[in-house]
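One structure is given here, and the rest of the page talks about it.
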Amino acid sequence: MADKTFRLKIIAPERIFFEDDVAFVEFRTTEGDIGVYPGHIALTSIVAPGIIKIHTVSGEIREAALLDGFSEILADQVVILAEAVEWPEEIDVNRAKEAQIRAERRIQSEDGDMDRAELALKRAIVRQRIAK
């Protein structure tokens, strides 16, 4: 079974979020969505806010909010250095809603760093979507 799996390691600033052998993983990059099977060509990418779907060896699909970072994909392992990553049960939905409102206000007022406000909005939406 070793040739049908690869090692996935997701590292957040405060912890090793996930480390195990998996069958498939899919997540969002700045270039679009990507799916990785064992034997994938070597690739590095910038992670964009989105939902990561981890397909375990047992067939279970685990989802989490993956909010920025970098990935290194090799034939036998994927390492994601995440700025922030959260399981659904770790997300404070009310806080995410408040963050969305603040970001939308900043965007509407066109006051300040628009890129930062848009990123904050994307993060808040991803957190709410995964928490439901």
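Determine if the stretch 22-42 includes at least one residue that is out of contact with any Pro (no Cβ under 8 Å at 6 or more places or on another chain), among the basic types (K, R), part of a strand (DSSP E or B) and open to solvent by 30 Å² or more (accessible area, probe 1.4 Å).
No, the conditions are met nowhere in the stretch 22-42.
Taking the options E63, E19, E72, E83, name whichever one is touching a helix residue (DSSP H, G or I) at 6+ places or on another chain (Cβ under 7 Å), of a type in the set (D, E, K, R) and either over 25 Å from K132 (Cβ atoms) or part of a strand (DSSP E or B) (or both). Full working, then the answer.
On the way: E19 fails: touching a helix residue (DSSP H, G or I) at 6+ places or on another chain (Cβ under 7 Å); E72 fails: touching a helix residue (DSSP H, G or I) at 6+ places or on another chain (Cβ under 7 Å); E83 fails: touching a helix residue (DSSP H, G or I) at 6+ places or on another chain (Cβ under 7 Å).
From the options E63, E19, E72, E83, the qualifying one is E63.
Condition check: in contact with a Leu (Cβ under 7 Å, 6 or more places away or on another chain) and of a type in the set (V, I, T). Does V79 satisfy that?
Numbers: in contact with a Leu (Cβ under 7 Å, 6 or more places away or on another chain): no; of a type in the set (V, I, T): yes.
It is false that V79 is in contact with a Leu (Cβ under 7 Å, 6 or more places away or on another chain) and of a type in the set (V, I, T).
Does V93 qualify as being of a type outside the set (K, R), surrounded by fewer than 17 Cβ atoms within 10 Å (Cβ to Cβ), at pLDDT below 95 and under 20 Å from L8 (Cα atoms)? Reasoning before the result, please.
Details: of a type outside the set (K, R): yes; surrounded by fewer than 17 Cβ atoms within 10 Å (Cβ to Cβ): yes; at pLDDT below 95: yes; under 20 Å from L8 (Cα atoms): no.
Judged against the criteria, V93 is not a match.
With I107, I51, I73 as the choices, which residue is closer than 24 Å to D3 by Cα, open to solvent by less than 60 Å² (accessible area, probe 1.4 Å) and in contact (Cβ under 8 Å) with a residue 12 or more places away in the chain?
Matching residue, one of I107, I51, I73: I73.
The values are calculated or read from the model by the stated rules, or taken from the named source; none is laboratory data. Source: prediction; values computed, not measured. Ideal geometry is used to build each Cβ from the backbone, glycine not excepted, and the neighbour counts take in all protein chains shown. Remember, those area values only see protein heavy atoms, side chains included, never the ligands or the DNA or RNA. Shrake-Rupley method; radii C 1.70, N 1.55, O 1.52, S 1.80 Å.
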